[in-house]
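Presented below is the structure to which this report refers.
The values are calculated or read from the model by the stated rules, or taken from the named source; none is laboratory data. Keep in mind that this is a model prediction, so the values were computed, not measured. Here the Cβ positions follow ideal geometry from the backbone for every residue, glycine too, while neighbour counts run over all protein chains shown.
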Amino acid sequence: MTDFGATGSHPHELRRGRSLFDLDDRTRRRNRSEGAFRWLGIGAIALSMVFIVILLGTIVARGLPAFTQTTITIEVPLDAAVLDPNGTGDPEVIRSVLTFGYAPLIERGLAGTVAATGVETELTSSQLPQLLSPGVAATLRDMVAADPSLVGQTVQVEALASGRADGYLKGRVTRESLARDTNLSPAHLDVLDALVEQDLARRAFNWDFILGADASESRPEEAGIGVAMIGSFYMMLTVLLLALPIGVAASIYLEEFAPQNRLTDLIEVNISNLAAVPSIVFGILGLAAFIQFAHLPQSAPLVGGLVLTLMTLPTIIISTRAALKAVPPSIRDAALGVGASKMQSVFHHVLPLAMPGILTGLIIGLAQALGETAPLLLIGMVGFIASNPPDGFIDGFVSPNSAMPAQIYEWAKRADPAYYERAWGGIIVLLLFLLVMNVLAVLLRRRFERRW
Amino acid sequence: MSFTKISVSALALAAVATGAAAQDRDNVQIAGSSTVLPYASIVAEAFGENFDFPTPVVESGGSSAGLARFCEGVGPNQIDIANASRPIRENEIETCAANGVEEIIEVRIGYDGIVFASQIDGPAFDAFVPAQWWAALAAEHPMDGGMTANGLSNWSEVNAALEGMGMTDLPELPEAEILAFIPGTRHGTREVFEENVLLQGCEDAGAYDAMIEAGLSEDDAEAACMSVRTDGASVDIDGDYTETLARISSNPNGVGVFGLAFYENNTDSLKVATMSGVEPNTDTIASGEYPVSRPLFFYIKNAHIGVIPGLQEYASFFVSDQLAGPNGPLANYGLVSDPELAATQAAVANRTLMGH
């Protein structure tokens, strides 16, 4: 207070005789604080950029290896004595040999392949198959089931390398880290090195990761996100087919037709509230309403889609109403003025003009639903589920399936570190989808939005 | 505008899908223990590959959650099988019966070891006895005829405290803050940990007897033995072992409780401690030498057999020698094969019900 009095008593004396370019203390202080604020802002942006770079860098560095996979070419003798002991040639008899019956054949085939490379190893032929995925037996059995005449011949198979052998070629597994491992030994790596030298073991782009189905805990090398992608697709389709008409109809009514009274106020407040409800709550609601009450099947994308519809509806209604509100009243008045009915003015004039805004809101709502895991936990979509693609189009709505984020969550939980790598790879796929959807929303807005 | 068209087709599609949904389920639906999940997924995958039935769906969520869903009732939108890492409880059987699930087949698939592991480069947690875990984690210790809160904060103080209770020949413990990551109460593993480690340790240390002498009833003394301190030295992990692993990776002093199969998949980042001088592996667990192991189960709704295609076949396939035997894929993954597998196979084939 005393300071104020001291400087305030002679303001004119302070100013007099000084150039405007000669800054006084107070101006300098203000300029300084403005400069500091600018730097603070730049710092905040730089910090968030650093975080984004670290985040994306981590995701890409950890996830990219999932997009390649090592295969080992082996020659497997499909011994008739094992597969069809009586020489019947009957497909039924051949089919009765389970995958376990193929294990000794693979053992023999791999031992032969390894012996041909000339590498010396202390491993017995029964230990060697640890290099390969246990899924090779199923691949062979499917081959033979499709063409029983193969029995008795020697076939060449591109066998998937086991998760650890694959990890060695990707640099994730080292000889030291295998020192106490029971699943693979450093001696296997010597054999693998020899196979790589002879070009029998190769790393190639892993289409199965993008298109394939989930695999069990013992076969991370077989796991793919494709079936979960189909699950996500069906859920998005359900959301689109239900949330778009319901959301747009609700918005049009509330915005254009509904009277302004307490009831509509209450509805509006509740729609805003619903948009803020945590998604897990919708999962519990879905479990109670759709599975326990309506008896819809568990683990079905239809139920997942219904739950996500509930979750997305408020977002869509809010953005649609904003888009409708942005259409100037003069358009409605002009339409009504030339004799259009209320409904004609809405559907012929207001709605087409609001469409870009509605679509943007819809796409953002879908993107949000696509990345959602929490509600799916409760309706049975997390676990070993996405193991088979659906049989037909309609079947896809009800046959058990997972979703991309749920699949990533499930992989991250599994014990084998190879699944961890696949979880990061799955994140890349999911992020690409989200990126495409968001870019689409931006483009739609840029292309069609009208400003008045 | 084509909104009427869109809405009509949407409703039509929803109706078709719901109609398809209302028909009976043709895949086996399983939920429960996350310890059993890896084994169940291996079996489900092999089942789908080898037979014409669709691959069963296996969800996780914990033994208690799985059994709770199992007991909700009978019908196509109820699960067929509950996986559990502990036997079903009496009250769960009652809930089941109240909801119409009266006939349950219990199938024991084998044994699982519970191991105590820490960061590979962390303090030398090489050997434990149960009493040390009890002394380090118990909420209260008996003292002079009463109970006092557990004041130990470092593993190096544990042996002195136990020697004060008259124990000798305790394995050396390192100088490290007590920080244990144990399974949360919704895991079946927790129960085994409480009974085979905490209660056992409590009895070994003579604390159980001291509590009885101090006037506690047997039930109260047991409960006191198994109650875990809540001051942050012991952390309940409600998620999966990957969460425990992540916590240990960020806490060099942390010791965690894992399943043997999980440990064997992560030997590059974890080291295991012996319990009572025995190293955990499938041999020592099968022989019963290693003290902390528990049977794993799954429970089948008898009413669903014959209604849900492939249910009986899945159960028989699970316990077949090819899968659950000592050289099968389940044993390779870390399951300790059941020496009485033949009896289990017969029970599944005959659909032997519980309590009959």
field: Elements of type helices (runs of 4 or more DSSP H) in segment B:62-166, at least 2 residues being over 30 Å from B:Gly288 (Cα atoms) and among the hydrophobic types (A, V, I, L, M, F, W, C)
entry: B:63-70, B:90-98
task: Inspect segment B:35-57 for any residue being of a type in the set (S, T, N, Q), at pLDDT below 90 and either under 24 Å from the mean Cα position of the chain (by Cα) or on the phi > 0 side of the Ramachandran plot (or both) and give the result as yes or no.
output: yes
query: Scanning for something assigned by TED's automatic domain parsing to the domain that holds B:Leu330, among the polar types (S, T, N, Q) and surrounded by 19 or more Cβ atoms within 10 Å (Cβ to Cβ), does segment B:85-105 turn up at least one residue?
result: yes
statement: Restricting segment A:184-202 to residues that are within 14 Å of chain B (Cβ to nearest Cβ) and out of contact with any Phe, Trp or Tyr (no Cβ under 9 Å at 6 or more places or on another chain), the one surrounded by the fewest Cβ atoms within 10 Å (Cβ to Cβ) turns out to be A:Pro186
message: Out of everything in segment B:30-59 that is without any contact (Cβ under 8 Å) to a residue 40 or more places away in the chain and in a loop (DSSP other than H, G, I, E, B), what residue ends up being nearest to the other protein chains (Cβ to nearest Cβ)?
response: B:Thr55
message: Can you report the number of residues in segment A:353-386 which are within 14 Å of the chain's Cα centre (by Cα) and among the small types (Gly, Ala, Ser)?
response: 5
- request: Read through the list (1) surrounded by 18 or more Cβ atoms within 10 Å (Cβ to Cβ); (2) more than 14 Å from chain B (Cβ to nearest Cβ), then give the number of the only condition that A:Trp424 fails.
  value: (2)
- request: Can you give me the ranges of the helices (runs of 4 or more DSSP H) entirely in segment B:259-356 with at least 3 residues that are modelled with pLDDT of 90 or more and farther than 26 Å from B:Arg190 by Cα?
  value: B:311-318, B:321-324, B:341-350
- request: Starting from segment B:266-282, take each residue that is over 19 Å from B:Phe193 (Cβ atoms) and list its partners that are of a type in the set (Val, Ile, Thr) and assigned to a strand (DSSP E or B), counting only C-beta distances under 6 angstrom and pairs at least six apart or across chains.
  value: B:Thr282/B:Val336
- prompt: Of A:Ile280, A:Ile316, which residue is under 20 Å from A:Ala249 (Cα atoms), touching a residue at least 40 places away in the same chain (Cβ under 8 Å) and in contact with a helix residue (DSSP H, G or I) (Cβ under 9 Å, 6 or more places away or on another chain)?
  reply: A:Ile316
- prompt: Are there any helices (runs of 4 or more DSSP H) wholly within segment A:293-358 with 1 or more residues that are more than 10 Å from chain B (Cβ to nearest Cβ) and crowded, with 20+ Cβ neighbours inside 10 Å, and if so which?
  reply: A:301-325, A:342-345
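Being within 14 Å of another protein chain (Cβ to nearest Cβ), under 21 Å from B:Asn154 (Cβ atoms) and modelled with pLDDT of 90 or more, is that true of even one residue in segment B:229-239?
Quick first cut of segment B:229-239, residues within 14 Å of another protein chain (Cβ to nearest Cβ) only: B:237-239.
Subsequent filtering for residues that are under 21 Å from B:Asn154 (Cβ atoms) retains none.
No, segment B:229-239 has no match at all.
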